[in-house]
Structures are given as C-alpha cells and as structure tokens.
1. Only residues that are of a type in the set (S, T, N, Q) and closer than 18 Å to residue 107 by Cβ: list them for region 50-75, please.
2. Out of 14, 23, 27, which single residue is modelled with pLDDT of 80 or more and either of a type in the set (D, E, K, R) or loosely packed, with under 13 Cβ neighbours inside 10 Å (or both)?
3. Please tell me if residue 310 is without any contact (Cβ under 8 Å) to a residue 40 or more places away in the chain and more than 28 Å from residue 203 (Cα to Cα).
4. Return the only residue of 223, 231, 209 being open to solvent by 10 Å² or more (accessible area, probe 1.4 Å), closer than 30 Å to residue 8 by Cα, modelled with pLDDT under 85 and over 18 Å from the mean Cα position of the chain (by Cα).
5. Restricting attention to region 58-83, report how many residues are closer than 16 Å to residue 116 by Cα and within 36 Å of the chain's Cα centre (by Cα).
6. State the number of residues belonging to region 65-104 that are hydrophobic (A, V, I, L, M, F, W, C) and without any contact (Cβ under 8 Å) to a residue 40 or more places away in the chain.
7. In this structure, does residue 250 turn out to be among the aliphatic types (A, V, I, L, M), open to solvent by 30 Å² or more (accessible area, probe 1.4 Å) and either over 26 Å from residue 15 (Cβ atoms) or at pLDDT 90 or above (or both)?
8. Please go through region 235-247 and pick out each residue that is touching a residue at least 24 places away in the same chain (Cβ under 8 Å) and crowded, with 16+ Cβ neighbours inside 10 Å.
Amino acid sequence: MLKIFWSSFVKIFLLMLVRPRWLLLILSVSLMSLVYSNGTITSLPVAIVDQDHTPTSRGLIRSLNTSSKIETIIYESSLQAYDDINNHKLFAVFTIPRDFEKRLLKGEEVTIPAYGDASSRLANGLIQVDIKGIYQQILTEYNTRIMRNSGFSDKQIKIILSPINGQTEPLYNAGVSFAAITFPGLLVMLLQHSFLIASTRTNITLNSLPKGKPPKIVIFGSLCGLIPIWLFLSIVLFGLWPWALGYRQLANIPEILIMTFPLLLGVLGLSKLLTECLRKTEMIYLTLAFLTTPVFYLSGTIWPLDAMPFGVQIVSKMLPSTWATNMIAGVNQMGLSLKDNLFNVFMILLLGIIYGLLGFFIAALREGRVRKFFKNSTSKYRKI
C-alpha cells in the first residue's frame, strides 16, 4: 500500500514540476498586488482656492500641506478647479472664503466650501478624515489663544478643551494602510482557489480514466503529490512576496508551512465534494471561476463578519479560507502565536472532514452502495 501511495505521489509531483502551470498563480498575485506596492495612498491632488489671502488662510494651507495623503494645488479661480474635478484631475476642491480671518477673530460662524469626488470612495474618505483632523487642530489652537487672552491658565485650558484623555490599544494592527489589511485575504483566497481547481481536476481525471477508476490509495497519493507544490507557493505568497513589497512580515517559514498545511487538507475535503457534484472537468472552469470574488468578500477581509447578515455569516464560516485568513493575518500581522489560532486550525480541519464525508456519501449514493447497505440491514432484521 505504501509503495503504491508513494508511486502515485511522485508521479503527480513530477508531472507538476514538468508542467509548471501553477507558476501562473505567482504571476497573477504579482499583477494584482502591485496595485498596493506603495503601501498606502499618498499625494492625492486637492485644489485650494484662497479668496482671503491672510495669515490665517495661509496657515490653513500650510496645515493641509502637512498631510501625506494630500497634495495641495493653488487655484486662482473656483470655476477652473470645478472643471478639473469634473474631469477627474482632482479629488477635492476647498475654497477659503473672503473675510475668513475677520469672521474667525470675531467668533462668527465660518463655512469653508469643500467639494469631493465621491466616485473614489477610499480616496474621498481619506481626505475627509485628514481635513476633519486639521480643522479640529486649527479650532483648538484658535480657542486656546482666545482663552489665554481671557486670563485662563494652560492647565485650565487643557481641562476645558480636552476633559478626557483617550488611550487606544491596537488589538489588531495590520499596518497603517488599507492594502496591508486586504493583502492576507487576497493571498489566502488565491491559494485556496488555485489548489481547489488543481485537486478537483486531478480527482475528476483519475475517476474517469478509460481503464476504470483506480484504487483509493492511488487517488489519495496523487492528491498528496500536489501538496508540496502549494506549500512552496505559500512560502512565496505569505513570506517572500510581502517582504518584497515592504509589508509587515512576522511569521517565519516553519510557521507559514504549519498554517498552510491544514488549509490544504481542508481544501482536499472540499475538492472531494466538488468532484462528486461536478463530475466533469469542464464544469470546474464554468463554476469555480465565478466564485473567486465572492469568496474574497465573504472572508471578512473587507467587511467585518459580525456586520454581515446572519445567513451570510453562516456561508462565510463554511469556507476554509475565512478561518485561514483570520489565522494567517493574526500571526503575520498581529504577531499572535500558533497556540492562539488552534481554534482556526480545528475549524479548517473539521470543515475538510465534513466536506470529505459528504463527498464519499454522495459517491456511495450514486453507486447504489447506500441502498444496498440499507437493504442488507433490513433483511438481517427480518431474519431475526
């Protein structure tokens, strides 16, 4: 048995090395992740129309220039700025009104018209956060100056303006950028999807050989022959490539392999179920190709699982990639230990076992073994 298993293992492994189509996964990841190569969004062009031309308005412009996400461009005319934002040359337009400094010193309400390009929600949101922070900083400085001139001490001013000292502890610190948060989920999804296609295709091909279905030990050995290839890919995806792009990389190679191996076993169970449901090789590409993006969105990388509808949460938790994303992001970005992710490993393996058993049950049902089993059991009870 062991000799047959090893022979099947080596045959598939060498076949994958001779025909390295799996290297297309690295090319795909490279092209997709190079979008995030800068790590964060910076230097978003924003127009400033200064109609006041006072020290206060120039101070506001200097404060806007301190933001790494904004690149201020001075416009003389609001009409030209609005024309450029309509042509998607700008992300926002800020107009500092006339008498801005005078109204501010008198304590009158001042409105700064700001128009943003909402077609880019991420860029627009980043600009809004930065602008609100700058406005709050200027308002605090202005109120401090007025209160100090009115005879308040610095301690009294601090108590009035900041009565509560907030302290935040980063429980999940995937980095400062949106890219660093989405990166692990993207890589896990691609690894799972590519291995699922390869294992399902191998399973269907072996089950439909002209000479008849081979022994189960041959099928199992052939599927295991795929695992070393995808373990190598996991080192590239979760270790080498994030390091090359400059993202946080806390897990070492043994930890990456320990995390990836249960995921591959879980996907093997899922591939068995898909094999019995699809039955034809061409059906793999007609069905699985449409599941890549939904699986990515269901992983909880972009939208929190707790914020999803209950039915969607159930579907999400039925995917091995959801638990694997949580585990790999936790170890690689948060610095958690493997002991902290034992439940994730357990759920991945449990899903693999459940899917595998369902696949074997469907195969037995199709081959009539279930009906034969119940018929034999019924006849035995009748004899008794």
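1. Selection gives 54, 56, 57.
2. Numbers: 23 fails: modelled with pLDDT of 80 or more; 27 fails: modelled with pLDDT of 80 or more.
Going through 14, 23, 27 in turn, the sole match is 14.
3. Yes.
4. Working: 223 fails: modelled with pLDDT under 85; 231 fails: modelled with pLDDT under 85.
Just one listed residue meets the conditions, 209.
5. Summing the residues that are closer than 16 Å to residue 116 by Cα and within 36 Å of the chain's Cα centre (by Cα) in region 58-83 gives 9.
6. Kept after step one, since they are hydrophobic (A, V, I, L, M, F, W, C), are these residues of region 65-104: 70, 73-74, 79, 81, 85, 90-94, 96, 100, 104.
Next, from what is left, pick out any that are without any contact (Cβ under 8 Å) to a residue 40 or more places away in the chain: 73-74, 79, 81, 85.
Total meeting the criteria: 5.
7. So residue 250 passes the test.
8. The first filter runs over region 235-247 and keeps only residues touching a residue at least 24 places away in the same chain (Cβ under 8 Å), leaving 236-238, 241-242, 245-247.
Those that are touching a residue at least 24 places away in the same chain (Cβ under 8 Å) and crowded, with 16+ Cβ neighbours inside 10 Å: 236, 237, 238, 241, 242, 245, 247.
The values are calculated or read from the model by the stated rules, or taken from the named source; none is laboratory data. This one's a predicted model, so the numbers in the text were calculated from it and none came from an experiment. All Cβ positions, even for glycine, are placed from backbone atoms using ideal geometry, and neighbour counts span all protein chains on display. Only protein heavy atoms, including side chains, enter the accessible area calculation; ligands, DNA and RNA are left aside. Shrake-Rupley method; radii C 1.70, N 1.55, O 1.52, S 1.80 Å.
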